[in-house]
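Right, one structure below, let's go through it.
The values are calculated or read from the model by the stated rules, or taken from the named source; none is laboratory data. Model, not experiment: these values are computed from the prediction. Cβ sites come from the backbone with ideal geometry, for glycine too, and all protein chains shown count toward neighbours.
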Amino acid sequence: MPETDKIKLDEYIDDLYNKVGDFAGEFLNNEGSGLYLLQSKVNHSCVPNAQSTFPYSNDIVVLKAIQAIQPGEEICISYLDECQLERSRHSRQKKLNDPDETSEDEYDDEMDDDDFMDD
């Protein structure tokens, strides 16, 4: 897909999310936030082998395998929600590297295509 079409598609999807948010309140709203030391060390994959869950309806987070994980294999979760994971690779990378979503200290303006993780 040409870059201009990718940009138009991203803008369309963003507009759609905003319209849903206007109609139904904040779309995909989180109920809270927290910092979990061990959880924060798990890397991202768009094809994760684990997921974070809150099975006890409290502040205890559990890292749950969603597919077989071999000894020595890296455990990865998705930093994106299910809706975002369904989007194109371009859209996912944009979301993961958007300076509005990441602090300036963490964002590297010099990042190029070779720095992105493969799916």
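Of 117, 111, which residue is modelled with pLDDT under 75, surrounded by 10 or more Cβ atoms within 10 Å (Cβ to Cβ) and under 14 Å from the mean Cα position of the chain (by Cα)?
Values: 111 fails: under 14 Å from the mean Cα position of the chain (by Cα).
None of the others qualify; the one that does is 117.
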Return the total of residues in segment 44-63 being under 22 Å from residue 87 (Cα atoms) and of a type in the set (A, V, I, L, M).
2
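Looking only at segment 37-86, count how many residues are assigned to a helix (DSSP H, G or I) and over 11 Å from the mean Cα position of the chain (by Cα). Lay out the reasoning, then the answer.
If we filter segment 37-86 for residues that are assigned to a helix (DSSP H, G or I), which is where we start, we get 39-41, 82-85.
Next cut, over 11 Å from the mean Cα position of the chain (by Cα) only: 39-41.
The total comes to 3.
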